[in-house]
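These notes concern the structure reproduced below.
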Amino acid sequence: VVVGVELAAAEKVVGAAGESRERRMPPLSPKTILVLSTLAFIVLIGPTSTSWVKSGFESERGMRGRVIAIAKLEAVTLLLNLFIWHQMMQYFEGQRKGFGVDKTFKLRCQQLLLIVMGGAHTMYLFFYAPSWLHGWPFELANILGGIWTNLLGFVCGFFLVNCVSWAMQQWEPTRRLLHFLARPKILNDLTFDRKYQIRTTVIIVLVMSFVMYYASDKISVRHLSLPIHNLSSPSGSPLRLAVISDIHAGASVYEEQVSRMVDELLQMPVDAVLIVGDLVDGTVEDIAPRLKSIWTLASMKPTYFVTGNHDYYYYDVRSWLKLYEQKGINVLHNRHVMLKGVCLAGTDDISAGKTGVPSHEINATLAISGCPKVSTKVLLCHNPAGIIDFPAETLDQLDVIFSGHTHAGQFYTVAAAVYWMLPYFYGHYHIGTHGHLFVSAGTLYQGPPMKMVGASQIWLVTLVPA
């Protein structure tokens, strides 16, 4: 009997311990498993695919690297979509008794949100889809991707507001300060009313997306004069240069937008047109017909080009460069030419060395080697971050560097983050001992047909004697 009692007591103890462990370690939810699996994929896909990427021949190596980058981007987008879904669906939480959720309305909202998130996922996949899948499906995916980008910005913004609000309410002095600052009704609603925050997000995102869609290809002509010491043009006469970049022909940039840009350029009294990278987003077979007006421009005005990162994304960039030369565009592949007494040089994009294309790399020293010592030196370099690694003696020789790449953020919702992340964001900077760096916001747009108002630009830059 005693033994039996002891065994029963032991079973109870073991059972209680097991129940305790079960309480301490609940099974992982499907959502948690998905998040952990996605994080593991992001961490592991790079190291595990290195040998496959490096085994590619020449430009194929760059293409394989791009596939891995897109796979990572899709994984990150999935995590962000889970975050957006969780935040937006809070609109339907906490209903008062007797005031239930309209199930049809909720279902429609969920369906629309899934469509927007699906557009963000498919946008970059369409770049590598067969050309017969392009057209309105690609255009729609890009538009949805733009709406998604604006939505993500506001969802993250209100998430931070709510985190700060919660933290301030944990201490009486900051709680009083918070309520004092939020006394105006609109600020009170934006700070404490989650439903109001979500309604505000939806309204602003839709209005902002429409305005940016309208503004995306409305090109403005801007003017800038740069004083140059000992300007080497004949008799020190001003040199007028039209600077364009980031056209991104392909995706949702069509022949019509490119033609309007060229119409503006043909009316400008310039000595040369400078294309500072990212002219195309696609293959020669698919995109070349959209550049007919560029060929006309090159036949009427001296036109110069350097590569940007996107020019390497679609198979072998050399097929594009060969076509440009045939159409009269001067490709400055780490070399220079003399333009009215000024040494005009160009270097490959900072990413060129990783693309597998032989002899393609950023090399400003090589580009300006052979320039007359007393000549004014102007360099085209797509990504302004590339100048950080220029040798000091090379940088000190340069009078002007023209760059693009940054788009000045392109979206209002990400501009602040881009400004914080990049060494050079947009506009005019002083570099070296006497030089100028000018970073354009780009002439058209990449991906979503949306851009900040006034940020699609052609710059008429005049070099004048100091």
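The values are calculated or read from the model by the stated rules, or taken from the named source; none is laboratory data. Everything numeric in this text was worked out from a predicted model, so none of it was measured. Here the Cβ positions follow ideal geometry from the backbone for every residue, glycine too, while neighbour counts run over all protein chains shown. Note: accessible area is taken over every heavy atom of the protein model, side chains too, but ligands, DNA and RNA are not part of it. Shrake-Rupley method; radii C 1.70, N 1.55, O 1.52, S 1.80 Å.
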> Out of all the residues in the stretch 66-81, which are under 19 Å from Gly56 (Cβ atoms) and of a type in the set (Gly, Ala, Ser)?
Replying inline: Ala69, Ala71
>> Just checking, does the stretch 97-111 include any residue being at pLDDT below 95 and over 22 Å from Val202 (Cβ atoms)?
In response: yes
>> I need a count of the residues in the stretch 362-378 that are open to solvent by less than 30 Å² (accessible area, probe 1.4 Å) and either polar (S, T, N, Q) or in contact with a helix residue (DSSP H, G or I) (Cβ under 6 Å, 6 or more places away or on another chain) (or both).
In response: 4
>> Every residue in the stretch 184-204 that is under 17 Å from Gln87 (Cβ atoms) and assigned to a loop (DSSP other than H, G, I, E, B), please.
In response: Asp193
> Among the residues of the stretch 414-434, how many are within 14 Å of the chain's Cα centre (by Cα) and open to solvent by less than 70 Å² (accessible area, probe 1.4 Å)?
Replying inline: 6
>> I'd like to check something: does the stretch 390-400 contain any residue that is touching a residue at least 40 places away in the same chain (Cβ under 8 Å) and of a type outside the set (A, V, I, L, M, F, W, C)?
In response: yes
> From the set of residues in the stretch 70-89 that are open to solvent by 50 Å² or more (accessible area, probe 1.4 Å) and over 23 Å from Lys195 (Cα atoms), which is nearest to the chain's Cα centre (by Cα)?
Replying inline: Leu73
> How many residues does the stretch 440-460 hold that are aliphatic (A, V, I, L, M) and touching a His at 6+ places or on another chain (Cβ under 8 Å)?
Replying inline: 4
>> I'd like to check which helices (runs of 4 or more DSSP H) are fully inside the stretch 205-324 and have at least 2 residues that are surrounded by fewer than 17 Cβ atoms within 10 Å (Cβ to Cβ) and at pLDDT 95 or above.
In response: 255-266, 292-300
>> Can you say whether Phe158 is surrounded by 14 or more Cβ atoms within 10 Å (Cβ to Cβ), of a type in the set (Phe, Trp, Tyr) and over 18 Å from Val414 (Cα atoms), as far as the supplied structure shows?
In response: no
> Applying the selection to the stretch 341-366, what residues are among the polar types (S, T, N, Q), in a loop (DSSP other than H, G, I, E, B) and over 22 Å from the mean Cα position of the chain (by Cα)?
Replying inline: Ser359, Asn363
